[in-house]
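Here's the structure we're looking at; comments come further down.
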Amino acid sequence: TLVRRVAEGLKSSTHKLVPEYVHACATPSASLAAVRPAFDRRGGPVARAFYMCSNYVLQHEIRKACKALWEEERKEKTSSNSKSKVVPVFIVDRFYSSTCAYTVGWKNTSGSPAESINNLPDSLFAWPHDLRPPDLMLILQVNDEVRRNRVSSRAEGAATARSSGDPNSNDSSCIEGAPPPPAMSRHNPWDERLSNDEELGQRIVAAHRRTIGPSHVEEVDANGSPDDISRMALEIIRNRLLGEKIPSVVGQKKVTVALTGTHCSGKNTLGRLLAGYLGWRFDPELGDILRDRDALVVDGHRTGDGSGVGGGGTNKKECWDDRVHREECARDRTCSRSCSRVVETWHIGNLAWALQRRGRSNNNASEEENIARVRAQAQRAIRDEMERGDIVMVHLQTSPETTVRRRNKQPENVLRLPMSDEECESRRLHTALDVHGVQLLHDFEGE
């Protein structure tokens with residue numbers, strides 16, 4: 001899970017890396033999926049030999065992937081003599097240090113856990129000369145209670161996935177272009193061994209610490225949420241390998257950063273970059289997620305869900321803007337008190353969209369009553385979120401000319417929001433979502 005999160009975080013968080021060159025992978029790799037269960041059942045030296053060989057298989061696959069990437073880049077360059085400046089990044093789940101630590105930690109039982117490992121010769125922990133060591137090794141520290149809970153949850157999730165016939169019921173990853181991830185082996189005895197021997201985990205961690213070869217070794221407290229762990233891992237990676245300094249958030253409260261602005265102001269692009277930079281969750285604009293792309297008509301966004309008929313709710317009594325508000329509140333509640341995030345548009349932006357439609361609803365209330373209603377429900381939602389943590393609202397201000405220029409450069413935006421008159425509609429949205437959006441921020445600032 002962490003490998004995938006860190007890979008996605010690096011792809012979206014730094015200008016020093018090319019997203020297509022960041023890969024998540026694991027040992028054993030996906031290419032060994034068919035034979036792994038047989039070795040797990042056999043156990044002993046045979047299984048250890050398999051896991052040792054799997055490190056070299058992964059190294060071979062990484063080299064092949066690098067060669068393919070560089071060859072593709074070379075073809076795209078105008079001069080074949082120019083040297084490649086792009087460096088592929090591979091984030092690996094386990095690797096040789098794990099093979100070594102589990103082997104040494106399992107059989108060495110004399111003395112205390114730390115003493116039993118520290119008394120062994122350094123040569124046992126040296127990285128093989130024919131296997132490239134990593135630039136950075138992260139040791140994930142977790143207490144036994146958390147480990148047991150995760151094992152139980154993983155088993156329940158795997159059983160549910162198998163019963164539903166899900167072929168992708170595994171969270172391991174592989175190099176792009178490799179076969180699909182393998183199903184997790186059901187014959188792994190380590191969960192039971194760790195439960196029966198409390199000192200086994202301590203010996204394994206002690207063996208990891210003695211690993212000789214990686215350029216940097218860091219320990220990460222892995223007892224928290226996936227968001228907290230990935231944030232810490234990303235911070236270490238950037239500080240150690242990329243030379244970037246990550247700003248820290250004071251205190252332990254959850255933070256919601258809401259980005260507002262008109263169409264094509266950069267909310268989604270900057271939101272993803274910011275969330276990846278901080279190691280936080282990113283929630284894209286709900287209206288864009290819920291909208292049926294196949295039903296969009298020109299200027300349909302003026303009346304509701306984009307279809308031009310003014311509907312979009314889940315039933316006849318619910319209008320589009322009420323549905324967006326309901327779904328936004330539900331998403332707020334799914335974000336735990338410890339999960340900081342960056343969210344696009346959010347309640348203030350949704351309110352600006354609703355107001356440019358004059359607070360339309362499927363009831364018999366007047367326009368003034370509907371406008372007061374949508375403002376009040378947005379205010380309540382913001383107050384509810386304040387009880388769960390802090391809120392930072394950032395408005396991205398642009399001009400109508402910028403909107404038109406960005407739409408011309410990115411055809412996807414034209415498909416998302418078809419307009420009959422680009423310049424006229426961009427000016428109208430600028431007034432409704434930019435000018436009025438800033439006023440809404442000032443109105444809610446007192447909250």
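Only the coordinates and a few stated rules stand behind these numbers; no lab work does. Remember, predicted model here, so these are calculated numbers, not experimental data. All Cβ positions, even for glycine, are placed from backbone atoms using ideal geometry, and neighbour counts span all protein chains on display.
Points worth noting:
- Taking amide H atoms as placed 1.01 Å from N in the peptide plane, the amide H of Leu136 lies under 5 Å from those of Ser215, His216, each 5 or more residues away in sequence or on another chain.
- Pairwise label distance in nanometres, Gln141 with Arg4, each label 7 Å out on the Cα-Cβ vector: 2.8
- Distant-in-sequence amide H partners of Val22 (H built 1.01 Å from N, under 5 Å): Val89
- Rounded to whole numbers, the Karplus 3J(HN,Hα) couplings from phi for the range 39-53 are 6, 5, 5, 5, x, x, x, 5, 5, 5, 5, 4, 5, 5, 5 Hz, using 6.51 cos²θ - 1.76 cosθ + 1.60 with θ = phi - 60°, and x at Gly and Pro.
- Extension gain for Arg373 to Arg63 (0.36 nm times residue separation, less C-alpha to C-alpha distance): 105.6 nm.
- Inter-probe distance in nm under a simple model that places probes 7 Å from Cα toward Cβ, at Ser153 and Val435: 4.9
- Alpha-carbon geometry of the range 190-242: the Rg and the Dmax are 13.9, 41 Å, given in that order.
- Note on the range 352-447: the C-alpha convex hull projects to 7.9 nm² when averaged across all orientations.
- Computed from the C-beta positions of Trp106 and Glu73, the FRET efficiency with R₀ = 51 Å rounds to 0.75.
- Residues Lys253 and Arg48, FRET efficiency given R0 of 41 Å [Cβ-Cβ distance, rounded to 0.05]: 0.35
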